[in-house]
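The values are calculated or read from the model by the stated rules, or taken from the named source; none is laboratory data. Keep in mind the model is a prediction, meaning the values are calculated, not measured. Backbone-built Cβ (ideal geometry, glycine too); neighbour counts: all protein chains shown.
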Amino acid sequence: MVELIAQGIVPLIIFVVILTSVVSGKKAYENFTIGAKKGLKITAELVPTLVGLLVGVGAFRASGILELMCGWIEKYTSAIGFPAEVVPVALIKIFSSSAATGLMLDIFRTKGVDSYPAQLASLILSSTETIMYTVSIYYMAVKVTKTRWTIPGALFSMLAGIAGSVLILDFVTKM
């Protein structure tokens, strides 16, 4: 039953939108093309931001700054039982989910998928957000120029997600 609903939900939504359009007397196809044009325009405006983020993350990883930062942070994280291998995953997740996923896959290859660092990296990736990507994309789309408390709040929520991941994994592994 769930599979049937999952397969039929998108066609049902499309049907309801078209039916609502026809019943209300609006021109469904014209509205669709207008919306598609707006969507393409927004996408074109966001491409430079996306390219900048991707180039920045690539340069950050290639420059060695990530390893330097991780080496500094690992001194403190090892004292609380946070594996050194997971520090780069948590740091790079702020900027790029795909780069963090690549780092997590490296942990899978070197430590194994059932290891504590691999499980922790998986939990962190699933319980945190790519802050800079999300803020830049959403704020560019609506042309917000002052982020105010958005980034500090997002960083705090990311720390909470990381701490929650550690606590949950510790609880689950001790069961």
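Look at the range 34-64 and say how many of its residues are within 23 Å of residue 143 (Cβ to Cβ), small (Gly, Ala, Ser) and touching a helix residue (DSSP H, G or I) at 6+ places or on another chain (Cβ under 9 Å). Please lay out each step first, then the result.
So the first thing to find is which residues in the range 34-64 are within 23 Å of residue 143 (Cβ to Cβ), and the list is 34-56.
Going one step further and asking which of them are small (Gly, Ala, Ser), we end up with 35-36, 39, 44, 52, 56.
Within this subset, residues satisfying the condition of being touching a helix residue (DSSP H, G or I) at 6+ places or on another chain (Cβ under 9 Å) are 52, 56.
Final tally of qualifying residues: 2.
Residue by residue, here is whether (1) touching a residue at least 12 places away in the same chain (Cβ under 8 Å); (2) closer than 15 Å to residue 162 by Cβ; (3) of a type in the set (Phe, Trp, Tyr) holds:
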position: 69; (1), (2), (3): yes, no, no
position: 73; (1), (2), (3): yes, yes, no
position: 89; (1), (2), (3): yes, yes, no
position: 100; (1), (2), (3): yes, yes, no
position: 105; (1), (2), (3): no, no, no
position: 111; (1), (2), (3): yes, no, no
position: 114; (1), (2), (3): no, no, no
position: 122; (1), (2), (3): yes, yes, no
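Conditions (1) buried (at least 16 other Cβ atoms within 10 Å of the Cβ); (2) within 18 Å of residue 155 (Cα to Cα); (3) not hydrophobic (A, V, I, L, M, F, W, C), marked per residue:
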| position | (1), (2), (3) |
| --- | --- |
| 52 | no, no, yes |
| 58 | no, no, yes |
| 67 | no, no, yes |
| 92 | yes, yes, no |
| 113 | no, no, no |
Wholly within the range 56-175, which helices (runs of 4 or more DSSP H) include no fewer than the required count, namely at least 2 residues that are among the aromatic types (Phe, Trp, Tyr), modelled with pLDDT of 90 or more and at positive phi? none
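Report whether or not residue 131 is of a type in the set (Val, Ile, Thr), under 20 Å from the mean Cα position of the chain (by Cα) and surrounded by 13 or more Cβ atoms within 10 Å (Cβ to Cβ). Talk me through it step by step, then tell me what you get.
Details: of a type in the set (Val, Ile, Thr): yes; under 20 Å from the mean Cα position of the chain (by Cα): yes; surrounded by 13 or more Cβ atoms within 10 Å (Cβ to Cβ): yes.
Yes.
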Would you mind finding the one in 96, 165 that is under 30 Å from residue 41 (Cα atoms), within 19 Å of the chain's Cα centre (by Cα) and either surrounded by fewer than 15 Cβ atoms within 10 Å (Cβ to Cβ) or not aliphatic (A, V, I, L, M) (or both)? 96
Per the list (1) under 25 Å from residue 174 (Cβ atoms); (2) charged (D, E, K, R); (3) in contact (Cβ under 8 Å) with a residue 40 or more places away in the chain, residue check on residue 93 breaks on (1)
